[in-house]
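Visitor: A single structure is presented below for examination.
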Number of protein chains: 2
Amino acid sequence: MNHEEQLEQIKHRVSEQIAENMKSYGFPGTIGRVIAAIYYEGRALDLDELAEQTGMSKTRMSQVLREMVHYNIAEKAFVRGSRKDHYTVEEDYYQTFISLFTSNWRDVVTRNRKIESRIMHDLKKITNDPTATEEIKEKAQLYIADSKASMAYYNWIEKLVELFESQQVFDIVPKPNPDQEKNEVPRFK
Amino acid sequence: MNHEEQLEQIKHRVSEQIAENMKSYGFPGTIGRVIAAIYYEGRALDLDELAEQTGMSKTRMSQVLREMVHYNIAEKAFVRGSRKDHYTVEEDYYQTFISLFTSNWRDVVTRNRKIESRIMHDLKKITNDPTATEEIKEKAQLYIADSKASMAYYNWIEKLVELFESQQVFDIVPKPNPDQEKNEVPRFK
DNA sequence: AACTTTATACAAAATAAAGTGTACGAATTG
DNA sequence: CAATTCGTACACTTTATTTTGTATAAAGTT
C-alpha cells in the first residue's frame with residue numbers, strides 16, 4: 001500500500017469512527033459519514049456528490065440531510081450557478097455535539113410536557129370526582145405529585161439545554177488549549 | 001372504566017412515556033419499563049417479577065438489567081431469605097439522566113482515544129518516512145493536526161462528564177423549586 | 001450425590017430501523 | 001409547452017436490533 005492509499009485509508013477510518021460515534025449517540029451512522037465527506041472535501045456538496053462519497057443512494061441522502069438540518073448540524077448552502085441543493089455541515093466538533101444533544105433533549109421535553117399535562121388533567125378529574133373513594137383520591141394525589149416532580153425535571157432539562165445553546169457551558173468547561181492548539185476551528189482537508 | 005382501572009392505565013402511560021424517552025436517548029425502551037415497574041412497586045424486584053410486570057421474557061430481563069447495571073442506573077440489592085437477584089433502580093430522575101449520558105460519553109471517549117492514537121502512529125510513520133514526497137508529508141501533517149484537535153475535543157467531553165458526575169452541574173443549573181416542591185427525591189407509589 | 005432453583009449463553013424468531021428504486025410533482029430550461 | 005433536472009413520497013428490501021425459547025452451567029438444598 002502506497003502513501004496515497006494509506007492517507008485515503010485513514011480518511012476512511014476517521015469516517016467510520018465518526019459514524020460509530022453517531023450510533024453511540026443514538027443517531028444513524030450515515031450522519032457521521034456525511035460529516036466526514038463534507039469535512040474532507042472542504043466545501044458544500046450536493047446530494048449526488050454525497051451519495052457518491054458515502055456510497056449511499058440519493059434517496060437516503062435526501063432523508064439523512066433532512067434529519068441533519070432538523071438537528072441543526074447541516075444547512076443548505078447557496079451555490080450560484082447550480083440549482084442542486086448543496087449542504088454544509090457544522091465544522092466545530094463542540095457545536096455539533098451540543099446541537100445533537102440539545103435538539104434531542106428539547107424534543108423530549110416538548111413531548112413529555114404534552115403527555116404530562118394530559119395525565120395531570122385526567123388525575124385532577126379523579127380527585128374532583130365525588131364518586132371516587134378516599135383511597136382512590138389519595139393515590140391520584142400521589143400521582144399528581146409525581147407528575148409535578150416530572151414537570152420540574154423537564155424544566156431542568158430545558159435549563160440545561162440553554163446552558164449549552166448559549167455557549168455558557170464553555171465558561172464552565174473551557175475548550176482545552178486555546179493557545180497551544182490552533183485558535184481557529186479545527187478543519188479537515 | 002372505573003377509577004382503579006384509570007389509575008392503572010395512567011401507570012401504563014407513564015411507563016410507555018419513560019420507554020419512549022429511553023429510545024430517544026438511544027437506549028432500549030425496555031429499560032424505561034423496568035424503571036417504571038420498580039418505581040411503582042417501591043421495592044427491589046427480582047427477574048421473575050420484572051418479567052411479569054413488564055410482560056417480557058426472563059431472558060430479556062437478564063440482559064436488560066445487566067445493561068442497566070453497566071450504565072449505573074440499576075444495582076443488585078441484597079434481599080435476605082431469597083437467593084434470587086433483586087434489583088433497585090436509581091430513583092432520582094436527574095441522576096438517571098446523568099448516568100445514562102456520562103457512561104455513554106465516557107465509552108465514546110475511551111474508544112476514540114484508542115483509535116486516534118493508532119491513527120496518529122500511522123501518520124507519524126509517514127511524516128518520518130524519507131521515501132514519502134513533500135506533498136504526502138504535508139497532507140499527513142494536516143491530518144495530524146486534525147487528530148490533535150480531536151484529542152483535545154475528547155478531553156473536553158471528559159471534563160464535561162466530570163462536571164455532571166461531580167454534581168457540580170447543579171451549582172450551574174440548579175434543580176428547580178427546592179422549597180415549593182418536596183425537598184426529597186421524588187418517589188413513586 | 002441427586003434434585004432444585006436461578007441466571008445466562010446461544011440460536012432462532014420477531015420487530016424495528018436503515019436503505020433502495022420507481023415514480024411523480026415542482027421548478028428550470030430551451 | 002415539451003423536455004430535463006431535481007428532490008422526495010411511497011412501497012419495498014435489506015440489515016440490525018430486540019426479544020424469545022431451549023439448553024446449560026453454577027449455586028443451593030435435601
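The values are calculated or read from the model by the stated rules, or taken from the named source; none is laboratory data. Note that the structure is a prediction, hence the values are computed from the model and not measured. Because the Cβ atoms are built from the backbone with ideal geometry, glycine has one as well, and the counts that use them run over all protein chains shown. Surface areas here come from the heavy atoms of the whole protein model, side chains and all, with no ligands, DNA or RNA. Shrake-Rupley method; radii C 1.70, N 1.55, O 1.52, S 1.80 Å.
Visitor: When you check A:V89 against the structure, is it under 27 Å from B:D107 (Cα atoms), away from every other protein chain (no Cβ under 14 Å) and either touching a residue at least 12 places away in the same chain (Cβ under 8 Å) or within 12 Å of DNA strand D (Cβ to nearest atom) (or both), yes or no?
Guide: Numbers: under 27 Å from B:D107 (Cα atoms): yes; away from every other protein chain (no Cβ under 14 Å): yes; either touching a residue at least 12 places away in the same chain (Cβ under 8 Å) or within 12 Å of DNA strand D (Cβ to nearest atom) (or both): yes.
Answer is yes for this residue.
Visitor: Of the residues B:S99, B:S103, B:S82, B:S117, only one is over 30 Å from B:A140 (Cβ atoms), over 17 Å from the mean Cα position of the chain (by Cα) and open to solvent by 10 Å² or more (accessible area, probe 1.4 Å); which?
Guide: On the way: B:S99 fails: over 17 Å from the mean Cα position of the chain (by Cα); B:S103 fails: over 17 Å from the mean Cα position of the chain (by Cα); B:S117 fails: over 30 Å from B:A140 (Cβ atoms).
So the residue among B:S99, B:S103, B:S82, B:S117 that is over 30 Å from B:A140 (Cβ atoms), over 17 Å from the mean Cα position of the chain (by Cα) and open to solvent by 10 Å² or more (accessible area, probe 1.4 Å) is B:S82.
Visitor: Additional query: When A:K125 is evaluated against the numbered criteria (1) within 14 Å of chain B (Cβ to nearest Cβ); (2) in contact (Cβ under 8 Å) with a residue 40 or more places away in the chain; (3) over 29 Å from B:P28 (Cα atoms), which criterion, by number, is the only one it fails?
Guide: Failed condition: (2).
Visitor: Still on this structure: Identify the residue in the stretch B:15-50 that is near DNA strand C (Cβ under 9 Å from one of its atoms) and within 29 Å of A:M151 (Cα to Cα) and, among all such residues, is least open to solvent (accessible area, probe 1.4 Å).
Guide: Of the stretch B:15-50, the ones near DNA strand C (Cβ under 9 Å from one of its atoms) are B:23, B:29, B:46-48.
Now drop any that are not within 29 Å of A:M151 (Cα to Cα), which leaves B:23, B:29.
Working: B:K23: 110, B:G29: 9 Å².
The qualifying residue least open to solvent (accessible area, probe 1.4 Å) is B:G29.
Visitor: Here's a follow-up. Tell me, which residue of the stretch A:63-73 that is more than 11 Å from A:L100 (Cα to Cα) and among the hydrophobic types (A, V, I, L, M, F, W, C) is farthest from DNA strand C (Cβ to nearest atom)?
Guide: Narrowing the stretch A:63-73 to residues more than 11 Å from A:L100 (Cα to Cα): A:63-66.
Add one more test, that the residue is among the hydrophobic types (A, V, I, L, M, F, W, C), and what stays is A:64-65.
Details: A:V64: 6, A:L65: 12 Å.
Looking at the filtered set, the residue picked out is A:L65.
Visitor: Can you pull out the residues in the stretch A:53-79 that are near DNA strand D (Cβ under 7 Å from one of its atoms), open to solvent by 70 Å² or more (accessible area, probe 1.4 Å) and over 15 Å from the mean Cα position of the chain (by Cα)?
Guide: Hits for the stretch A:53-79 are A:K58, A:T59.
Visitor: Which pairs turn up if I take residues in the stretch A:139-168 that are facing chain B (nearest Cβ under 10 Å) and touching a residue at least 24 places away in the same chain (Cβ under 8 Å) and look for partners that are of a type in the set (V, I, T) and in a loop (DSSP other than H, G, I, E, B) with beta carbon separation below 6 Å, at least 6 apart in sequence or on another chain?
Guide: Taking only residues 6 or more apart or on different chains, the pairs are A:L160/B:V173.
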